[in-house]
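Some notes on the structure that comes next.
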Amino acid sequence: MKVTEATRRWVYVALAIMAMALTGCPKDPYDPHTWMDKLDDPAEVERAITELSRLKDPVAIGALGKTWRKYNKASKVLRVIVELADQAEGPPPDKKEGPFWDEAVPILIEAVEEYERGNTRSIEDAAFAAEALGRSGSQEAVAVLIRAATKKLKKLAPDQRLRIAAVKALGSFPKNPKSIDTLIKVLNGSLEDQPININAAAAIALGETRSEQAIDPLIMALFELPQIYPQARSALTKIGQPSI
């Protein structure tokens, strides 16, 4: 019996339908849930993280937080979480107005408070998280940043990197009196107890607050801490007219 071209096409269609029934239809690669479902698969997790970063949909933040904890608080995952949260708007077609810090803030707080002392990677991730908390504007972050900024450490401890990041982040909370008080306290900190970089960071952060409360401490720093004269002078300039 001669097989016509039309019959041959129908056979191919039938075989394709059978194959789809057996293997299941592939999920949409442009849907973040497709990749969120693969975060639990060790063979797919690396690609899933990469694709979620590419799609830029903040809906994935919560799932990535679980992956971050599962995989030893991986640096790459933490950075993708911040990348997704710190967007002016979400992806098309909805393009929701950002940023999207709500789900990211608890993860960042955990990164700051539960870092591994003396572990360079963990310290750098904690500092990165502290900087992001400053950008988040979350009042929930202030107490966390204050604890990090005032942590008692050996003067040359690598953990001072986190302190510097936390101090600078506090400059993003000018309306919080505890933030201002902490920055003044750190600015006046003894050089026997902390590296001069901490005092310099406090001067920079006080300038960002534009707080008149910072004027007198900054003027004193001009004379008492000549090592940070440029930072104190710049901070007074940022505060502006009240400094004059």
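Every number here is computed from the coordinates shown, using simple stated rules; none is lab data. Fair warning: this is a prediction, and the values are worked out from it, not measured in the lab. Positions of Cβ are backbone-derived with ideal geometry, glycine not excepted, and every protein chain shown enters the neighbour counts.
Can you tell me the Rg and Dmax of the chain, counting just the alpha carbons, in angstroms?
Considering the chain through its Cα atoms, Rg and Dmax are 25.7, 104 Å.
Calculate the spin-label point distance for Asp94 paired with Gln213, positioning each point 7 Å from the Cα along the beta-carbon direction, and give it in nanometres.
Here the answer is 3.9 nm between the modelled labels.
Strictly greater than 19 Å: what percent of every Cα pair in segment 71-200 meets that?
Details: 4132 of 8385 pairs.
Summing the P(r) tail past 19 Å for segment 71-200 gives 49 percent.
Taking the alpha carbon gyration tensor of segment 150-244, what are the square roots of 5 times its eigenvalues, largest first, to the nearest whole Å? Don't skip to the end; give the middle numbers.
On the way: eigenvalues 87, 44, 19 Å².
Sorted largest first and rounded, they come to 21, 15, 10 Å.
Please list, ordered by chain and number, the residues whose modelled amide H lies under 5 Å from the amide H of Glu89; skip anything fewer than 5 residues away on the same chain.
It is Gly98, by chain and number.
Label Tyr229 and Thr120 with points 7 Å out from Cα along Cα→Cβ: what is the distance between them in nm?
3.5 nm
Using the structure shown, select from Lys168/Lys238; Lys151/Lys185; Lys73/Lys154; Lys38/Lys66; Lys56/Lys168 the pairs with a Cα to Cα distance greater than 18 angstrom. The partial results should precede the final answer.
Values: Lys168/Lys238 15 Å; Lys151/Lys185 12 Å; Lys73/Lys154 25 Å; Lys38/Lys66 13 Å; Lys56/Lys168 27 Å.
Going by Cα-Cα distance, Lys73/Lys154; Lys56/Lys168 fall outside the 18 Å limit.
If the elastic network links every pair of Cα atoms under 10 Å, which of Val45, Val186, Val142 fluctuates the most in the Gaussian network model of the chain?
Largest GNM mean-square fluctuation: Val45.
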